[in-house]
Amino acid sequence: MTEMFEQVKALYGRYTEQATALEQNRKIGEGLLGFGKKPADDPCHMRFAEELAALLRAFAAEGPDSYDAVQVLEYVFRAQSEFRQILSIYWMLSAVHGAAEPLIGCLSEEDAQRLLALYDREVPRRERLPVQKQVYKLLKKQCR
């Protein structure tokens, strides 16, 4: 595993641990009817998205080979499926797929095809957010 893969994995681990703790420590009725703060309002979600975007931009700027880019992208594209029951985490892990866009250009045609197939399985068409539709388009374009 590459150093960048380990950094991304560690960032995801810290985020999901913190966000899961917020959900577990949630008080009954917290955030209902707009009163109080709900776990999804915590700044940890935006901090995670910003840190991931910066990390992936820096990695793409290094011009990684396709193999290294695929390791990171596979992880990013699969991570949300583990958190379907915790919606605040699931939706954030889905939304950050857009941070992967700079790395898509580093993929070989074969790796892009493999990731496109993975994306079809992990993110069904009917569930895709606009940012995921854009990622799908970029993957498809890289296949040519």
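Computed quantities for the displayed model
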| item | result |
| --- | --- |
| Residue within the stretch 48-63 that is crowded, with 18+ Cβ neighbours inside 10 Å and among the aromatic types (Phe, Trp, Tyr) present | yes |
| Cβ-Cβ under 7 Å pairs, at least 6 apart or on other chains, the stretch 54-67 side among the basic types (Lys, Arg), far side part of a helix (DSSP H, G or I) | 57/102 |
| Residues satisfying the stated conditions in the stretch 84-96, i.e. open to solvent by 30 Å² or more (accessible area, probe 1.4 Å) and aromatic (Phe, Trp, Tyr) | 91 |
| Any pair with Cβ under 8 angstrom, 6 or more apart, that starts in the stretch 116-137 at a residue that is farther than 20 Å from residue 105 by Cα and among the basic types (Lys, Arg) and ends at one that is open to solvent by less than 70 Å² (accessible area, probe 1.4 Å) and in a helix (DSSP H, G or I) | 128/136 |
| Members of the stretch 9-47 that are modelled with pLDDT under 95, open to solvent by less than 40 Å² (accessible area, probe 1.4 Å) and of a type in the set (A, V, I, L, M) | 19, 21 |
| Whichever residue in the stretch 82-94 is in contact with a helix residue (DSSP H, G or I) (Cβ under 6 Å, 6 or more places away or on another chain) and part of a helix (DSSP H, G or I) and, among such residues, is nearest to residue 9 (Cα to Cα) | 93 |
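Results for (1) part of a helix (DSSP H, G or I); (2) over 13 Å from residue 132 (Cβ atoms); (3) more than 15 Å from the chain's Cα centre (by Cα), shown as yes or no for each residue.
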| position | (1), (2), (3) |
| --- | --- |
| 48 | yes, yes, no |
| 53 | yes, yes, no |
| 57 | yes, yes, no |
| 68 | yes, yes, yes |
| 80 | yes, no, no |
| 97 | yes, no, no |
| 103 | yes, yes, no |
| 111 | yes, yes, yes |
| 119 | yes, no, no |
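Quick grid of which residues meet (1) of a type in the set (Asp, Glu); (2) over 17 Å from residue 19 (Cβ atoms):
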| residue | (1), (2) |
| --- | --- |
| 41 | yes, no |
| 54 | no, yes |
| 69 | no, yes |
| 76 | no, no |
| 109 | yes, yes |
| 118 | no, yes |
| 141 | no, yes |
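The values are calculated or read from the model by the stated rules, or taken from the named source; none is laboratory data. Quick caveat: nothing in here was measured; it's all calculated off a predicted structure. FYI the Cβ positions are ideal-geometry reconstructions off the backbone, even for glycines, and counts take in every protein chain you see. Remember, those area values only see protein heavy atoms, side chains included, never the ligands or the DNA or RNA. Shrake-Rupley method; radii C 1.70, N 1.55, O 1.52, S 1.80 Å.
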